[in-house]
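Structure, as structure tokens:
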Amino acid sequence: MLNIIRIKKASFYGYHGVFQQEQNIGGKFEADVDLYTNFTQAATTDKLQKTINYEQVYKLMSDLALKKKFYLIETLSNAMVDELFQTFPLVYKIALRVRKNNPPIGGVVDCVEVEVVKTRDEWNVIIEKL
């Protein structure tokens, strides 16, 4: 069985961007993540240990966003997906979207968003090549 756990609008502050000002001042970022897993055992036993702990997922994403500065949210998003696969072996597939609010692109834009969709098999192939 395939189930999806979704976390929407996870907010964190980060220092990501191409411009020096973005890396110095920082800004608010948001993320949505879809974790494809099988939580049948958790649903039948009502035990947190049988599923993905949402608090740990948020902490992982937030810590990564604060730990390192990235020029691109594409790189940040990919790093988050890789860390999620590394940490949560019950996840089969991840779709992760990261939004940068009020980006400095010379016009009025609410946000820009990138999405990374990767399966565990795809991730394993990448890891094997490293």
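So which residues in region 35-86 are assigned to a helix (DSSP H, G or I) and acidic (Asp, Glu), if there are any at all?
Of region 35-86, the ones assigned to a helix (DSSP H, G or I) are 40-45, 48-50, 54-67, 73-86.
Answer for region 35-86, where residues must be assigned to a helix (DSSP H, G or I) and acidic (Asp, Glu): GLU55, ASP63, GLU74, ASP82, GLU83.
Scan region 67-78 and report the pairs whose first residue is farther than 11 Å from GLY17 by Cβ and whose second residue is surrounded by 13 or more Cβ atoms within 10 Å (Cβ to Cβ), with Cβ atoms within less than 6 Å and a gap of 6+ or a chain change.
Here the result reads GLU74/VAL114; SER77/LEU96; SER77/VAL98; SER77/VAL114; SER77/VAL116; ASN78/VAL116, each pair linking region 67-78 to a residue that is surrounded by 13 or more Cβ atoms within 10 Å (Cβ to Cβ).
For ILE52, are the conditions met, namely being within 26 Å of GLY17 (Cβ to Cβ), of a type in the set (A, V, I, L, M), under 16 Å from the mean Cα position of the chain (by Cα) and surrounded by 13 or more Cβ atoms within 10 Å (Cβ to Cβ)? Quick ask: steps written out before the conclusion?
Numbers: within 26 Å of GLY17 (Cβ to Cβ): no; of a type in the set (A, V, I, L, M): yes; under 16 Å from the mean Cα position of the chain (by Cα): yes; surrounded by 13 or more Cβ atoms within 10 Å (Cβ to Cβ): yes.
So ILE52 does not fit the description; no.
Checking SER11 against (1) part of a strand (DSSP E or B); (2) among the small types (Gly, Ala, Ser); (3) surrounded by 15 or more Cβ atoms within 10 Å (Cβ to Cβ); (4) free of Cβ contacts under 8 Å to residues at least 60 places away in the same chain, only one condition comes out false. Which one?
The single condition SER11 does not satisfy is (3).
Return the residues of region 87-119 that are in a strand (DSSP E or B), among the polar types (S, T, N, Q) and modelled with pLDDT of 95 or more; say none if nothing qualifies.
Going residue by residue through region 87-119, those that are in a strand (DSSP E or B) are 93-101, 111-119.
Next, from what is left, pick out any that are among the polar types (S, T, N, Q): 101, 119.
Passing the criteria: only THR119.
Considering every residue within region 14-31, establish whether at least one is closer than 27 Å to MET1 by Cβ and either touching an Asp or Glu at 6+ places or on another chain (Cβ under 6 Å) or touching a residue at least 40 places away in the same chain (Cβ under 8 Å) (or both). Explain how you work it out, then say what you get.
Here is the first cut: in region 14-31, the residues closer than 27 Å to MET1 by Cβ are 31.
Those left that are additionally either touching an Asp or Glu at 6+ places or on another chain (Cβ under 6 Å) or touching a residue at least 40 places away in the same chain (Cβ under 8 Å) (or both): 31.
Yes - at least one qualifying residue is present in region 14-31.
The values are calculated or read from the model by the stated rules, or taken from the named source; none is laboratory data. Given the structure is predicted, the values throughout are model-derived calculations rather than measurements. Every residue, glycine as well, gets a Cβ built from its backbone with ideal geometry; the counts of neighbours run over all protein chains shown.
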